[in-house]
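S.K.: There's a structure below that I have some questions on.
Please treat every number below as a calculation from the coordinates, not as lab data. Keep in mind the model is a prediction, meaning the values are calculated, not measured. Note that each Cβ is placed from the backbone with ideal geometry, even for glycine, and that neighbours are counted across all protein chains shown.
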Amino acid sequence: MSGLNAAMDVYLTGLRNQHAVETQAIGTIKNQLARMEPYPALHAQMQQDKQRSETQAARLDQLLAKRDTAKSGVKEIVAGTVATVAGFAHVTADDEVLKNVLAAIGYKAYEISSYKVLITLANTAGASEDVPVLEQSMKEEQEMGDWLGTHLPDFVQSYLKQHTA
C-alpha cells in the first residue's frame, strides 16, 4: 500500500471517528438540556451547540460519501450509548451544572484537536479540498469552547445564587 493510500485510510477512519464524536455530543446535550433550563444563557447556547453538532455530523457524512464510504454503525451505537451514560453521569451531584460545563469545556478541547488532526490528515492524504469544511467545524467548536470558558464565572455565580436562596 502506498503512503498516500495509507494516509487516506487513516483519514477516512478519522472522519468516521469524528462522526461518532459528534453523535456522542448530540446525545449528551439532549440528555442534559432539561437540567440546564434554570440557566437560560447556557441552555440557549447548548441548544445551538446541539444544532451545530448535527450540522457538523452532516458535513462529515458528505465528506465520507464523496469518498464512497460511510460512517461506522458500530461506532455510532457505542457513541450513542456513551452519550446516554455521560448525560446522566452527574445527575445526582449537587453541583451537576458546574460539572457538566467543565466536562463540556474539556470535550470542546478534544473536538478542536480532533479537527486539527483531520485537517493534517486531509492535506497529507491528498484531500485538501476537504480542509475548508473541517476548518469551519473546528472554528465552531472553538467559538463554543471560548464561550463556555468566558462565561464559567457567570455559571458559578448563578449556581451559587440558586443554591443559597
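S.K.: Would you list Leu64, Leu4 from fewest to most Cβ contacts within 10 Å?
M.R.: Details: Leu64 18, Leu4 11.
With the fewest neighbours first, Leu64, Leu4 line up as Leu4, Leu64.
S.K.: Here is a follow-up. Taking Cα pairs under 8 Å and at least six residues apart, what relative contact order does segment 3-164 come out at, in percent?
M.R.: Values: 151 pairs, mean separation 52.1, N = 162.
32 percent.
S.K.: Around Gln142, what is the net charge, scoring Lys/Arg as +1 and Asp/Glu as -1 over all other residues with Cβ under 13 Å from its Cβ? Don't skip to the answer; put the middle values down first.
M.R.: Values: positive: Arg52, Lys108, Lys116, Lys139; negative: Asp49, Glu111, Glu135, Glu140, Glu141, Glu143, Asp146.
Net charge around Gln142: -3.
S.K.: A further question on this structure: Can you check what the net charge comes to around Asn123, using other residues whose Cβ is under 13 Å from the Cβ of Asn123 (Lys, Arg +1; Asp, Glu -1)?
M.R.: Working: positive: Lys116; negative: Glu129, Asp130, Glu135.
Computed value for this residue: -2.
S.K.: Go through Lys30/Lys99; Lys30/Lys161; Lys50/Lys161 and tell me which ones have a Cα-Cα distance over 23 Å in this structure. Walk me through the numbers on the way to the answer.
M.R.: Working: Lys30/Lys99 16 Å; Lys30/Lys161 25 Å; Lys50/Lys161 27 Å.
As for pairs spanning more than 23 Å Cα to Cα, those are Lys30/Lys161; Lys50/Lys161.
S.K.: About the Cα centre of segment 3-164, what is the dipole size in debye to 20, counting +1 per Lys and Arg Cβ and -1 per Asp and Glu Cβ, all else neutral?
M.R.: Numbers: 15 positive and 20 negative charges, 44 e Å.
Here the size comes out at about 220 debye.
S.K.: Using label points projected 7 Å from each Cα along Cα→Cβ, tell me how many nm separate Thr55 and His43, to one decimal.
M.R.: With each label point 7 Å from Cα toward Cβ, the separation is 2.3 nm.
S.K.: I want to check the label-to-label distance for Lys99 and Asp9. Put each point 7 Å from Cα in the C-beta direction and report it in nm to one decimal.
M.R.: If labels sit at Lys99 and Asp9, their model points lie 4.2 nm apart.
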